[in-house]
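Accompanying notes for the structure given below.
The values are calculated or read from the model by the stated rules, or taken from the named source; none is laboratory data. Since the structure is predicted, the reported quantities are computational estimates derived from the model, not experimental observations. Quick reminder, even Gly has a Cβ in these numbers, built from the backbone with ideal geometry, and neighbours come from all protein chains shown.
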Amino acid sequence: MKRSMLCHLFYGYLRLLEKTVKIEWQQPKAFSCHNIVGFWHEDSYAMNLVLRYIARQNADVSVLVTADERGEYIQYLLEKCGGKAVRIGYGFCNAGTLKELLASMKERKRSIAIAMDGPLGPRHIPKKLTFMY
């Protein structure tokens with residue numbers, strides 16, 4: 001019950017945000033639908049709006065998401081915006097999940113997005129996992 005309420009609340013906030021901001025691509029051709037996209041964790045709501053735009057361009061995006069409870073809320077928002085959540089844990093990652101993710105990059109319309117600094121910070125300092133790709 002709590003989870004469902006929070007998911008709807010977060011999505012409502014995202015919808016409100018979508019109505020009050022304008023996203024403008026400065027160089028739309030720079031995104032070729034086969035990229036690895038990094039963003040700061042604090043920009044995750046805006047990233048969901050970008051994800052929605054990308055999904056409308058008939059492109060697929062996989063986003064690395066924490067495997068803990070917070071990841072369930074993030075996954076809900078991602079799926080509502082047309083993305084796919086790839087759940088991974090902190091520390092040593094599941095090698096099978098990473099192999100699956102790298103294999104998905106063989107799809108010409110698949111991109112990967114990752115919050116470079118993660119939810120636990122430190123803020124604006126990229127995690128080592130960011131550079132594996």
Among all residue pairs at least 6 apart or on different chains, which show Cβ distances below 9 Å where the first residue, located in region 1-27, is closer than 17 Å to S44 by Cα and the second is part of a helix (DSSP H, G or I) and acidic (D, E)?
-> C7/E72
Of the residues that make up region 93-100, is at least one modelled with pLDDT under 80 and in contact with a strand residue (DSSP E or B) (Cβ under 7 Å, 6 or more places away or on another chain)?
-> yes
